[in-house]
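Novice: Can you read through this structure? Questions will come right after.
Each value in this text was obtained by applying a stated rule to the coordinates, not by laboratory testing. Since we're looking at a predicted model, the values are computed, not measured. Here Cβ is always computed from backbone atoms with ideal geometry, including for glycine, and neighbour counts include all displayed protein chains.
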């Protein structure tokens, strides 16, 4: 499996998950990582196109994401590689 990186046109509105404030909803649009991390994220239930809520992000240490009724804790390095689009409204 190759890293899933969005095309250039859509990258302008994307930011790393680690930069999103708490209590905001985002859509996972891409992962800029190797096969191992992509597989690990898929095993945790994170897939391209899914809506995720940022439950905790203190801008240091791990962050907590909510998706499909579960909470997932990600290290800052992993969160930096998730490219997300902030949902409006």
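Novice: Report whether or not residue 49 is touching a strand residue (DSSP E or B) at 6+ places or on another chain (Cβ under 9 Å) and assigned to a strand (DSSP E or B). Break it down stepwise before answering.
Specialist: Numbers: touching a strand residue (DSSP E or B) at 6+ places or on another chain (Cβ under 9 Å): yes; assigned to a strand (DSSP E or B): no.
No; evaluated as a whole, the condition is false for this residue.
Novice: Right, another one. Residue check: is residue 77 in a helix (DSSP H, G or I), free of Cβ contacts under 8 Å to residues at least 40 places away in the same chain and either more than 12 Å from residue 20 (Cβ to Cβ) or in contact with a helix residue (DSSP H, G or I) (Cβ under 8 Å, 6 or more places away or on another chain) (or both)? If you could, list the steps in order and put the result at the bottom.
Specialist: Details: in a helix (DSSP H, G or I): yes; free of Cβ contacts under 8 Å to residues at least 40 places away in the same chain: yes; either more than 12 Å from residue 20 (Cβ to Cβ) or in contact with a helix residue (DSSP H, G or I) (Cβ under 8 Å, 6 or more places away or on another chain) (or both): yes.
Yes, satisfied.
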